[in-house]
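**Student:** There's a structure below that I have some questions on.
Just so it is clear, none of the values below were taken in a lab; they were calculated from the coordinates. From a predicted model like this one, the values you see are computed outputs, not experimental measurements.
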Amino acid sequence: MRYSVTAADGQRLAVICHSSGRRDLAVFASVGADAAQSYVPLTTDQAHDVADLLHPHAIVNRLADPGTGAASRVVTLPVGAGSRYVGSNLADLDARLPADVRALGLLRAGQIVAVHGDRAVINSGDIVIAAGNHVLLEVVAAELATGDPT
């Protein structure tokens with residue numbers, strides 16, 4: 001799998017994920033070049049960070065369930081005034097969610113105010129961006145909206 005971007009000067013950068021599990025950052029001289037000018041080996045976490053920047057679907061690809069190949073859903077969930085998560089932060093919310101659900105970000109007034117792991121305080125009216133199993137997301141949506149999981 002490869003995630004790439006082309007710079008204004010025609011150079012291309014890519015994160016290449018090899019079947020062996022090795023990941024490299026590759027620099028190509030131009031869009032049509034087959035061979036990279038240079039490679040930089042990356043750890044898995046470094047490759048994920050770079051891929052997220054280069055390709056908007058990279059994080060969604062990583063959310064696929066390795067056991068079934070079924071993709072997780074990515075949804076936006078409004079936070080209601082009665083939610084028990086109002087006043088907590090995104091990192092705490094993520095830690096309390098079921099194992100198959102992740103809080104990816106927090107929107108406030110249409111602006112991203114936090115991303116996965118941040119400690120920004122959750123307010124009523126915020127929108128949580130979450131990913132995971134669709135059944136569990138419905139439960140989380142109810143908890144965020146009303147404070148009640150049913």
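**Student:** Provide the per-residue ³J(HN,Hα) series for the range 104-112, in order, calculated from phi with Karplus coefficients 6.51, -1.76, 1.60 and θ = phi - 60°, each as a whole number of Hz, with x at glycine and proline positions.
**Tutor:** Ordered by residue, 3J(HN,Hα) equals 8, x, 9, 10, 9, 6, x, 10, 6 Hz.
**Student:** Multiply the residue separation of residue 121 and residue 109 by 0.36 nm, subtract the distance between their alpha-carbon atoms, and state the gained length in nm to one decimal. The partial results should precede the final answer.
**Tutor:** Working: separation 12, 0.36 × 12 = 4.32 nm, distance 1.42 nm.
Computed gain between residue 121 and residue 109 is 2.9 nm.
**Student:** Between residue 91 and residue 29, what length comes free when the chain is fully extended (0.36 nm per residue of separation minus the Cα-Cα distance, one decimal in nm)?
**Tutor:** Numbers: separation 62, 0.36 × 62 = 22.32 nm, distance 4.02 nm.
Full extension of this stretch gives 18.3 nm more.
**Student:** While we're here: Mind jotting down the distance between the C-alpha centroids of the range 18-48 and the range 113-150, whole Å?
**Tutor:** 35
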